[in-house]
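The values are calculated or read from the model by the stated rules, or taken from the named source; none is laboratory data. Just so you know, these numbers come straight off a predicted model, no measurement behind them. As a convention, Cβ positions derive from the backbone with ideal geometry for all residues, glycine included, and neighbour counts pool all protein chains shown.
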Amino acid sequence: MAIPLLLLNMRPWRRDTGLRRRDVAIPTDLPNTDAIFLVLRRMRLPLITLLLVFGVAVGGLTLIPGVDEQGAPSHLSVFDAFYFMTYTAATIGFTETPYVTTATQRMWVVVCIFATVATWAFALGSLFALLQDPTFRRATGLQRFRRKVAAIREPFWIVVGYGEAGRRLASAVDRLGRRIVVLDEDPGRIDVLVADQMELDVPNFAGDPRNPSLLGFAGLGHPKCEGVLAMTDKDEMNLAVIMASTLLRPEITVMSRCSERANLTRMADFAPAAVINPFERYGNYLSLDFNRPVTSRLTQWLLSPPGSPLPEAHPVPTDGHWVVVGDDDFGSEVAADLTEAGMDARLVDVKDEVDAVGAAGLVAGTSSDTVNLAVAAHARIQNPDIFVSLRQKSAKMTALVDAFAPDATFVATDLVAFEILARLEAPLFWGFIEYLRTLTDEEAEPLLTTLRGALGDRAPTAGKFTVTKREAPALTRWLGLGHTLTIGQLLSSTDDRERSIAVFPTVLVRDGTSTPLPDLDEELRPDDELAYLANEDGGAQLQQTLFHDTSIEYVATGTRLPETWLWRLLRRAGSRRKER
């Protein structure tokens, strides 16, 4: 009997928070966003001055008398004067007139040239100053950003924050071929995004994401918006993004990172799909290593890149005390988790001398990578056999950390980006991982043995399909004829149905209910969703079965149908004759 799927720290993708009491239009009313209005306001005086000078010049030419070819007094028409000043006022040059100008007219034209040149210099200077004005540049950039977002026709995610975590997540989502829109309050980070080589066009803007109107410009109200990912390094800003997203669009998915437990509770009140505290997560991982090493080994293997070997069993030392060095919430979080796991954890301030003699392990968890490496190096000198867990904040230190080779490395941005990406790409697989973390070593050991027997010692690939005409056409047709097919039959080899292919079912979703490790005798139904683990060959064979009627009938009945269309037609005709 399968048991309901338990998902730790994960909420339903569709939920009702109960906090929204009224439907409200998503605001998009940021101030100073109309570039045309800014141009008219800033260029008003230069344009008025230019028009006045031009008008006075034209009027003067029409009033000053000239002499025609017969020597009689004559005046330029308004059109002739306008035509003449169109060349002269624009400093293009002189043009023809109906007759030769007099000295008075020439003197007036000289005055007009000096006046128009000065006026044009004033107007152009004002225009260039406007083009460099931060308010105008922001207005034009925001309008361009809004047009790009409005033009998106594919599902997309809004990524708020383009620090190290946001950058890693955005790059990974882009490689998956999924559209994103990026917001960050720091223009420098947006400049980094522009320089990054993204495969798809990424609309971006630098502004305060705490303003709901900016989220509206970013596509919060867009029908193709799938969700919002709050990846800034400020809990208060992430909380504001969660509040705006869940209150204005409660039906979309919202996920966030968090650093403090107090803010974690505040965020949870708005029921986002996930709030990830990397400090707490890492402490949980260490506790899992201590108390259930087999379960930890199993989950690490499944979370490794496909094809990675099964990790060797290296239990974390538990004999002796642990030293945790920190200067912020990370140290206290890890020390509390180790204590809760039954370890003797001693929190040491970074300003104090660190004594690692006789310690089983050390967690160098300050906010400085340089200090962490120095503390870890000193501990290794004092105790060469000590287990070292190193906190790394900046990707710039990766080469040094790799050279030092600690026993475990904690990179908060990687942890956050990896978990959110896993939830986006394969939510059922991540739910299965969370379920595995609830197992005891006694329960995880036989499961690990079964997985190795079915898939080998290389990390498998996670996949899923839904019993629909699009994803499993042959299976859907088979069930539509009133036939039955079990999970075990589906995972049989098309060469010999007595053998199974290298595919292991992990989660079965039926009518909104998720069941981990479904029985192989469970019969599939239309619209069922089945998640699985497979190696490369097993996944290819499963796809062949799902799409070919002959494969479905063989694994279900053992009967091999003709492969060609003509032979299948003749077989059906023969069957009809026999029925008669």
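Quick one: count up the residues across region 394-410 that are over 26 Å from the mean Cα position of the chain (by Cα) and surrounded by 12 or more Cβ atoms within 10 Å (Cβ to Cβ). Looking only at that region, the number is 6. When region 386-415 is limited to residues that are of a type in the set (Gly, Ala, Ser) and assigned to a helix (DSSP H, G or I), the one that is farthest from THR370 (Cα to Cα) turns out to be ALA412. The residue that is modelled with the highest pLDDT, among those in region 392-428 that are small (Gly, Ala, Ser) and closer than 23 Å to GLY326 by Cβ, is ALA405.
Each row is one residue, and each column tells you yes or no for (1) in contact with a strand residue (DSSP E or B) (Cβ under 7 Å, 6 or more places away or on another chain); (2) without any contact (Cβ under 8 Å) to a residue 40 or more places away in the chain; (3) closer than 30 Å to HIS222 by Cβ; (4) among the hydroxyl-bearing types (Ser, Thr, Tyr).
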{"residue": "VAL58", "(1), (2), (3), (4)": "no, yes, no, no"}
{"residue": "SER74", "(1), (2), (3), (4)": "yes, yes, no, yes"}
{"residue": "THR97", "(1), (2), (3), (4)": "no, yes, no, yes"}
{"residue": "THR104", "(1), (2), (3), (4)": "no, no, no, yes"}
{"residue": "VAL117", "(1), (2), (3), (4)": "no, yes, no, no"}
{"residue": "PHE136", "(1), (2), (3), (4)": "no, no, yes, no"}
{"residue": "GLY141", "(1), (2), (3), (4)": "yes, no, yes, no"}
{"residue": "ARG144", "(1), (2), (3), (4)": "no, yes, yes, no"}
{"residue": "ALA151", "(1), (2), (3), (4)": "no, yes, yes, no"}
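Against the criterion of being aliphatic (A, V, I, L, M), at pLDDT 90 or above and within 19 Å of the chain's Cα centre (by Cα), VAL294 does not qualify. Evaluate the following for GLY480: is it farther than 24 Å from PRO460 by Cα, among the small types (Gly, Ala, Ser) and in the same structural domain as LEU546 (by TED's automatic domain parsing)? So GLY480 passes the test.
For region 476-497, which positions are within 18 Å of GLY539 (Cα to Cα) and not in a helix (DSSP H, G or I)? If the condition is that a residue be within 18 Å of GLY539 (Cα to Cα) and not in a helix (DSSP H, G or I), then THR486, LEU491, SER492, SER493, THR494, ASP495, ASP496, ARG497 are the ones that fit.
For region 315-332, a residue qualifies if it is assigned to a loop (DSSP other than H, G, I, E, B) and not hydrophobic (A, V, I, L, M, F, W, C), and the qualifying residues are PRO315, PRO317, THR318, ASP319, GLY320, HIS321, ASP327, ASP328. How many residues, within region 137-182, are among the aromatic types (Phe, Trp, Tyr) and over 16 Å from the mean Cα position of the chain (by Cα)? Counting residues in region 137-182 that are among the aromatic types (Phe, Trp, Tyr) and over 16 Å from the mean Cα position of the chain (by Cα) gives 1.
Taking helices (runs of 4 or more DSSP H) that fall entirely within region 113-209, which contain at least 3 residues that are surrounded by 15 or more Cβ atoms within 10 Å (Cβ to Cβ) and assigned by TED's automatic domain parsing to the domain that holds GLU226?
Result: 164-175, 187-195.
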